[in-house]
Every structure is written in C-alpha cells, then in structure tokens.
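Everything on this sheet refers to the single structure shown next.
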Amino acid sequence: MEEASAFLRMREENAPRIALGVMLCILSPILIILLGGAQESGRIALSEAQAMGLALAVLFVLVGCAVALFVTSGLRSSRFEYLEKEPIDTLYGVDGMVRDRREKFRPIFSRHLTIGIVLCVVAVLPLFLSLFLFGEDESFFHIIAICLLLAIVAVGVLLIVRVSIVWDGFQQLLEEGDYDRGIKVADKRYSAIAGCYWMLVTAGFLAWGFITNGWDRCWIVWPIAGVLYGAVYAILRAMNRREG
C-alpha cells in the first residue's frame, strides 16, 4: 500500500513537470519564426544574424529547461520502472484504493483531455482567419498566426500530457490497457527484435546517405520506419493476445 501510494504521489508530482517540459519544447521555435518574419518584413531594426542569434539563444534556453525537467522527473521515477515492465501482485486493499482514486480522478481526466484535444483541433483557426482577413498580402500576419497556432497547441498538449501521466499511473498499478500482463510479456519477448530493427534502419539511413550522397532525401527513412514499426508491433501484440 505504501509503495502504491508513493508511486501515485510521484506521478502526480512529475505530471506538471513533464507537461511543462513538453510545452516548452513546442513553444521554443516561436521566437525564431516571429523574429525571422519581422526582420524579413523590416518591422524590427535587427540584422538577420542578430535576429537569429537572439531567437536561437531563447530556443536553447527553453529546450535546456525542458531537458532538465525531463531528467529530474526520470530520476524520480526510476525506482518504479519495474511496475511498467514486470508482472506485479498487489496486496489486499491496494486494487480497491487505486480504483477509488482513479474514479475520483476520472472527471478531471475527461475534462482536461477533451479541452486539450479541442485546443489542438481549433489551433488552426488563427491561420485560417489571417488568410481570410489579409489574403496573401500581409505575410507577417500569417507568421503571427502560425505562432498563435503553436502556442494554442502547446497549451492543449500541456493539458493532455498532465492528466495522461497520472492516468497511466493508475493503469500501471492495475495492469490494464497498455500495461496488461500479456503486453508486458510481449514487450519483453520482442524488445530484442525492436533493437535489431532500429539498428538496421540506422544502418540503411547511413548507407543511403554516404553511398548516394542523398542526405536531402534519405530522411524519409525515419517516418516510414516509424509507421512500419508501429504497424508490425501492433500485429505482434494482437498475435500474442490471441495465443494467450
């Protein structure tokens, strides 16, 4: 019971940290886009080098803060890694406590998840409005709209990540959803295959780049490999469940 309570408390404390880190990563390129557009349209008295230097400095500060939040959160949660990977047996009363806390958290989870998804969907509205109001004449206003789009998406993702981390904590203790005991066994079984797969993908990427000097095209390997990996892994999970 004490271990479960400590794990849930750690999740609740880490959730805003990780969510803030993700939000900072999404916000980090905004100043590059904004200053680049302002400098190009002559709205600020800075050279291109000065504008990019200032914007990149802010970007690295934001990303550095995000990395610090991720690392500290990871260190805090490292002692509970076995809950994600190993089958667990809970003592009497632990399941009931976790289910009770999950039911109390459910309205918050549903509300924040819904608002976050809606914000990510409606984030394109500033861009559409700028196109409608200004057409193609005022490109700087389109740049401002893109910055607003990123800012709205950042807030939506903040809400989604914050509640999802806490919710996943309940799922881990109850071994439900992606943390089902059968899925844990499958993950262990296929972890070596996944490692080999990504090593081969990396080798293929480097071979294509060095042999053909096609670095401007070989990046396509990564999105294709990612989608293919997700599809194959889903098939393997389904096969494992059927065998179970």
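A compact table of results
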{"item": "Magnitude of the charge dipole, region 89-149, Cβ model with Lys/Arg +1 and Asp/Glu -1, debye to 20", "result": "480"}
{"item": "Per-selection Kirkwood Rh - the chain (Cα, Å, 1 d.p.)", "result": "21.7"}
{"item": "Efficiency of FRET from Cβ geometry, S5 and V63, R₀ 30 Å, rounded to 0.05", "result": "0.35"}
{"item": "Cα Rg, Dmax (largest Cα-Cα span) when computed across region 117-167, Å", "result": "13.5, 47"}
{"item": "Cβ-derived FRET efficiency at R0 25 Å, E86 paired with I235, nearest 0.05", "result": "0.55"}
{"item": "Derived scalar couplings ³J(HN,Hα) [region 56-66; Karplus, 6.51 cos²θ - 1.76 cosθ + 1.60; whole Hz; x for Gly, Pro]", "result": "5, 4, 5, 4, 5, 5, 5, 5, x, 4, 5"}
{"item": "Spin-label model distance (nm) - V118 vs D95, 7 Å beyond Cα toward Cβ", "result": "3.6"}
{"item": "Note, ³J(HN,Hα) from phi for region 155-172, Karplus 6.51, -1.76, 1.60, rounded to Hz, x at Gly and Pro", "result": "5, x, 5, 4, 5, 5, 5, 4, 7, 5, 5, 5, 4, 4, x, 4, 4, 5"}
{"item": "Using θ = phi - 60° and Karplus 6.51 cos²θ - 1.76 cosθ + 1.60, couplings along region 73-88 (whole Hz; Gly, Pro as x)", "result": "5, x, 5, 5, 9, 4, 6, 9, 4, 4, 5, 7, 10, 9, x, 10"}
{"item": "Residue among G53, G74, S28 farthest towards the positive dipole end of region 25-99, charges placed on Cβ", "result": "G53"}
{"item": "Descending principal axes extents, region 68-111, alpha-carbon based, whole Å", "result": "33, 31, 13"}
{"item": "Added length on full extension, which subtracts the Cα-Cα distance from 0.36 nm per residue, R79 to L125", "result": "12.2 nm"}
{"item": "Percent carbon-and-sulfur accessible area, the chain, ignoring ligands, DNA and RNA, probe 1.4 Å", "result": "68"}
{"item": "Net charge dipole size for the chain [Lys, Arg +1 and Asp, Glu -1 on Cβ; Debye, nearest 20]", "result": "440"}
{"item": "Accessible solvent surface per residue of region 27-162, calculated while the other protein chains remain in place, 1.4 angstrom probe, Å²", "result": "61"}
{"item": "Relative contact order computed over the chain (Cα-Cα under 8 Å; 6+ residues apart), in percent", "result": "26"}
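The values are calculated or read from the model by the stated rules, or taken from the named source; none is laboratory data. Every value quoted in this text rests on a predicted model; they were computed, and no experiment measured them. Here the Cβ is made from the backbone with ideal geometry for all residues, glycine too, and neighbour counts use every protein chain on show. What goes into the accessible areas is simple: the full protein's heavy atoms, side chains included, and nothing from ligands, DNA or RNA. Shrake-Rupley method; radii C 1.70, N 1.55, O 1.52, S 1.80 Å.
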